Each structure stands twice: as structure tokens, then as C-alpha cells.
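Only one structure is covered here, and it is reproduced in the block below.
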Ligand SMILES: [Zn+2]
């Protein structure tokens, strides 16, 4: 059971896990309106509702009688309880225990909040005074207003800071307990953030609860944070949520990035809906908070190996908490880019293109399974099955768990079919180099030649495929021509083309037929053929898409860019439809 020692902790517990409207609706009938809830005020008599609740802020307010406050204020007023009784009531509701000891005060943390706020103001003043620090941050974020918005500051040497705090009438104890100083082995205190750029961190109740700080010189430790305490819990904050709140709410979209500077530089570029964890993996409280705003928050981490590792860790972690309808999407940045550097060198539109191509959580999970094996032995196939079972079972929600199992199994079957089948064939027949080099093309032609029903059924798809080998491509064209002439493919095997020029090719196709499909059922043939078309068609459109992407990245003209993006969307749709049509 969670044990707390202060009213603030109870309030945080409530705000982290509950909605005020759910709580109040036990006592007052509420209806949702826009971003809030509204009902008839329980504290004065009224005919039309003027009592409003904001879940985002955890506050209620009555426009009639001006009564307002947080959940503690509500329950104490509604049930006519003393402050302490209200806390007890809420602790019961939350299933937590209050430790009343000599430390317990209703405002234990009032001075803690005050000292942090005083520091925050002082740090910001200091940033303007220290040219080196100011230039360092201004090089990255060239906008004074943005630096102000995020209260970016600079922490001076500890002697100066301490002197300043003492002059503001904080006691030695209060200063030492603030987390701003670290005690060494000799019981001496020294500054935790000395000579670092500071970023204030707010909790979900919008209290300033700690700092993150970045070194501006060569330092082994690039970032340090305030120490974990009852009030500062890294897993219960999201950096940037306070500043980006309105936009996130409005767009119902939130992007999780890795660092403070990512959030701030994205904001500076006009992407004002990102948040960052503080150097930790995603916690249940953080993911739930993001799900309050968007059913599919984006994750956008660095494009390097470490970033990819973090993506894997987060995706595995979040599985546990999945519920129907909630997920994550992953924006994959080009290698060696982080959001800060990518947006620094590209435009928001370019970022949006990459965002559009983000991958679903389920696909990330499948790729992590797939990439863990490198051949198709029965042992490795079994290993995949084992991983699929383990990962699906790690999802607490039963319904989601079952769906994941189905999805991953399905992916495995397709994967096996894509790779194993064709690979086996290529091992069987090594007689002719044209076959070896163009096996997929050859099998495709063999189908065209000997499986007329399938060829007619898929004539549209066949017409979109292009073969690399010129002789084979000529043959494909012939067949399409023959098809469009009389709508039938019969008599194809008697084509002059074959008899005269390519009788050798004909023989090879015949022999491919006997080694490859003669023992397959009609259904198996059809699956095989569809797979082949997919394998032949997809690389073509995917190459087109890559070319387009490059054009988009280079394009500086807005009109052209819009056109390119539109075309890119169309190609994306085609790729999707090829996949869907052929894989159904
Ligand atoms: Zn009222």
C-alpha cells in the first residue's frame, strides 16, 4: 500500500490516477461540455447549471457562487468535513495510507515549493547575466520568448546560490532539503546544478517540483535531475506538458521525445505538442496521461542505435498497459538524427511526412521478433512462436492480448511464406543462371504461361509488374498484349515468340512448373502467386516512394512540395492497397 505524509501527495495521487469529474459525478449529475463537465451547483440553489469541472486542471468552479478548488476542497465542503477528515476520506477512496507522524503537516511542502520557485526566478536572471551560458543555449534555440516560456535558466556557483537563498530568509535546513545541494562524504554540501543550464520540471498538478540541468562544458554527465523524493517523482511528470498543454489538447495529439531540448526546439519550430520523459523509460502513469489526450501518442526518438534500443524497450514495456483502442505510433527518424537536429535542418512539413509514415506498435513488436532470427530452421520458427506467446501473454488486457497473438501469428506465417518457400526452390534448381538470378520473374512467367485462370483473375496486377530482365519483360508484354486482344490467354504456349526465339526459355518454364507447383492445390497456387506479384510489384513502388522522399527533403518551393507530398500519399495508398489486396 502506498504511504503518504502530506496533503500534496494525496492530491498528486488523485490527479495522477483519477478524473475529478468521475469523483464528483458520484454526488452531482454532470454532463460533458467541450473540455469540461458541467452540472447544477451543490453549494447554492440554481436552475441552470453554472458548476464546471476541468479534469485537466483537477479543479472545479461555480460561476454562480464563486465556490471552487481541488478535490480536497470539494469533499470537505460537500460533506462538511475538517481538512484532516477530508484527507482521510480521500485516502480511503484512493486506497492509500496516511502516515501521521511528527513530520506530517498540511503544508509540509509549502516551503519546498517556495524555495524552488525562488531558484527558478534567480536562475533565469542568471542566464541573462552569464554570456557564455546564454550564447550556448541561444545557439540552439534562437528565440528569447521560447527560452522564457520554458523558464530556461542558469545555476550559478553554490556559494552564490546559497547566499542568495539565505538572503531570501530560507533556513539552512530548508536549503539542504531542497535537493539543490548534494551532501558529500565529509558532510559538506555542494551545488547539484552549479554552472549548468536549468529546466524547471512541473508535475501534473502544475507545481514546480524539480529541475533538470545540462552541462555546458565537457562533462561526463550531460544531464542531471533533482533527486527522487515524495514530491519529485520522475515517473509522474512529463517535461513540456505544462507549456504545450493547450496545443496537445486542441490537436488531440502528443509526441513523446527524449530530451528537454527536443521539446523546446520543436516548440520553437512550431511543433508545440511534444513532451519528454526525464531520462527514464515510460511509466504507467505517464502513458495513461498521454492516453488522456490521444489514443495513439507518437514516440519520436533518436535515429541512432541507442534510440532504436529505447524504442524497443518502450514498446515492450507499454504492451503490459495496453487496453482496447489505445496504442502508440513510432516516428522513425533518419540515422544519426534526433528530433532537434532533424527539425533544425528540415522543415515542419518534412517532419510531418516522416510522421505520416510512422509505424504501429504492433509492427514494431513484430519487427523486433523477426529481427531476432537469421535463418528459417524449425528451431528458429519455434523460437518465434515462443516469443509470440510470451509477448502476447505480457499484455494484461485479455482482449488485446488475444488480438496481438493473432496478429503476430499471421505476420509469422506471411514471413515464413515469403522467405522459406522461395528460398527452398532456389536451392533445388541451380542449373541455369537466368533462373538463379531471376527466379521470382521466372516463376511469375511460369504462372502466366500455365495458370491461365489465375492470370486472368489478376490481370490488372500483372500489368503493373515490371520485370528487370529484358527477355522476360518482353515475354510479359506479349502475354498482356495477347490478353487485351481477345480477353483470353488460351493458346499462349503456341506463341510464335516462344517457338522460334525462346524455345529454351519455354523448356525451362515447363520444368519449373513440374518442380514448383505441380503438387500444389489451387488454393496454395493462388496464395503463392499473390505473394509473387507482391514481391515483384512492391519494390517498384517502394523505390518510387524513396525517390519522392528525397525530392521532398530537397524541395524548397512550397507549391511543388505540396504536390510532392500529395503524390507521396498516393503512393503510400497504393503500397497499402497492394499489401491489403494481395495479402488478404
Ligand atoms: Zn454555486
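The values are calculated or read from the model by the stated rules, or taken from the named source; none is laboratory data. Quick caveat, the model's predicted, so the values are computed rather than measured. A quick note on method: Cβ atoms are made from the backbone with ideal geometry, for glycine too, and the neighbour counts reach across all protein chains shown.
Of all residues in segment 172-189 being modelled with pLDDT under 90 and assigned to a strand (DSSP E or B), which is surrounded by the fewest Cβ atoms within 10 Å (Cβ to Cβ)? Looking at the filtered set, the residue picked out is 183.
Against the definition (touching a helix residue (DSSP H, G or I) at 6+ places or on another chain (Cβ under 7 Å), assigned to a helix (DSSP H, G or I) and surrounded by 16 or more Cβ atoms within 10 Å (Cβ to Cβ)), how does residue 115 come out, yes or no?
Yes: the conditions hold for residue 115.
Scanning segment 76-95 for residues that are within 16 Å of the ligand (Cβ to nearest atom) and either touching a helix residue (DSSP H, G or I) at 6+ places or on another chain (Cβ under 6 Å) or not assigned by TED's automatic domain parsing to the domain that holds residue 47 (or both) returns a single hit, 76. If you check 303, 279 for being crowded, with 16+ Cβ neighbours inside 10 Å, more than 16 Å from residue 146 (Cα to Cα) and in the same structural domain as residue 342 (by TED's automatic domain parsing), only one passes: 303. Against the criterion of being within 23 Å of residue 263 (Cβ to Cβ), part of a helix (DSSP H, G or I), assigned by TED's automatic domain parsing to the domain that holds residue 199 and in contact with a strand residue (DSSP E or B) (Cβ under 6 Å, 6 or more places away or on another chain), residue 126 qualifies. The residues in segment 9-55 that are part of a loop (DSSP other than H, G, I, E, B) and away from the ligand (no atom under 16 Å from the Cβ) can be counted, and the count is 7. If we keep just the residues of segment 56-68 that are within 23 Å of residue 17 (Cβ to Cβ) and within 12 Å of the ligand (Cβ to nearest atom), which is nearest to the chain's Cα centre (by Cα)? Taking the candidates together, the pick is 60.
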